[in-house]
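Notes follow the structure.
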Amino acid sequence: MHLLRGHQCSSSGQGNGNVLSAVYGDAPPIFSGGGSHDKAKDWIEEVERIFWLLKVPEEDRVNYGSYLLKGDAKNWWQSTSEIRFAGQG
């Protein structure tokens, strides 16, 4: 979450990182995969609310969101993004 907090401080300077710290502390919403479709959907909605609060630009949200993936979810994203974005860049 320090990555997101750094974004907020540099974009507005209004200190909303303090609000985020009060809500999440040093435990950002991590998704590790498994569970139900609803669990994944709930995580996405929570992360989208954080991005809205911090005014994270659309073009940065995938990078920040993928940082919050761990375990099986991280492995899935890495393999999916390699296939999807092959040859772009």
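Quick notes on this one:
- In the condition set (1) at pLDDT 90 or above; (2) exposed (fewer than 12 other Cβ atoms within 10 Å of the Cβ), Gly87 is compliant with all but (1).
- Wholly enclosed helices (runs of 4 or more DSSP H) of the stretch 12-81 bearing at least 2 residues loosely packed, with under 12 Cβ neighbours inside 10 Å, modelled with pLDDT of 90 or more and out of contact with any Lys or Arg (no Cβ under 9 Å at 6 or more places or on another chain): 37-54, 58-67
The values are calculated or read from the model by the stated rules, or taken from the named source; none is laboratory data. Note that the structure is predicted; figures quoted are calculated from it, not measured. Neighbour counts run over all protein chains shown; Cβ positions are idealised from the backbone, glycine included.
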